[in-house]
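A short write-up of the structure that comes next.
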Amino acid sequence: MSVKIRGMDKLLKELETRLGKEAMQQISDKALMDAAEVFVKQLRKEFASFRDTGGSIEEITISPIVYENGVRTIKVHWKGPKGRYRIIHLNEWGTIRNPRPRGKGAVARTMNNSKKAYRDALKKAVKEGM
């Protein structure tokens, strides 16, 4: 799942010509980290509503920023000793035996609910970087 923001490409290119490539990369990296933290905070709230042992909440991890297909990318995933990444897909989509688990659609709801907060975090980081 991803979030599309229209008009940011044009803005970032204009800022890159004014500030330089390295400065813009630092600004965009900070914006990505801030936005990912906003998303993870919202995701933890969503997962708390159907929490059992808390393993899924504890194992939410933000990846380091990397280039993926020529674009700076950050991923939110599950990594830890309890291996919750195996259960997240089942919990998000359900199974044949349990088509409606308690947390069904939690990640999708978080994506929809945090779009505005995500955009605001990006705007704030860009403003602070200038």
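Structure values in brief
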| read-out | value |
| --- | --- |
| Candidate aspartates and glutamates - alpha carbon under 14 Å from Lys30, same-chain residues fewer than 8 apart omitted | Glu22, Asp120, Glu128 |
| Cα gyration tensor shape of region 67-121, rounded if a/c is under 1.5, else prolate or oblate by comparing a/b with b/c | oblate |
| Centre separation in Å (Cα based) which lies between region 11-28 and region 66-93 | 28 Å |
| FRET efficiency, Leu19 to Glu68 (Cβ-Cβ, R0 25 Å, nearest 0.05) | 0.60 |
| Helix runs (DSSP H) in the chain reaching 30 Å along axis by Cα, Kyte-Doolittle at least -0.5 | 21-48 |
| Relative contact order for the chain, counting Cα pairs under 8 Å that sit 6 or more residues apart, in percent | 31 percent |
| Potential lengthening between Lys123 and Leu90 on full extension [0.36 nm per residue; Cα-Cα distance subtracted] | 8.4 nm |
| Whichever lysines have a C-alpha closer than 17 Å to that of Lys104, once near sequence neighbours (fewer than 8 apart) are set aside | Lys45 |
| Chymotrypsin sites (Phe, Trp or Tyr not before Pro) restricted to DSSP loop in region 1-96 with at most 16 other C-beta within 10 Å | Phe50 |
| Of Lys21/Lys75; Lys10/Lys41; Lys10/Lys75; Lys13/Lys75; Lys13/Lys82, pairs whose Cα-Cα distance is over 32 Å | Lys13/Lys82 |
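No lab work stands behind these numbers, since they all come straight from the coordinates. For clarity, every value in this text was computed on a predicted model and none was experimentally measured. No Cβ is skipped: glycine too gets one built from the backbone with ideal geometry, and neighbour counts run over all protein chains shown.
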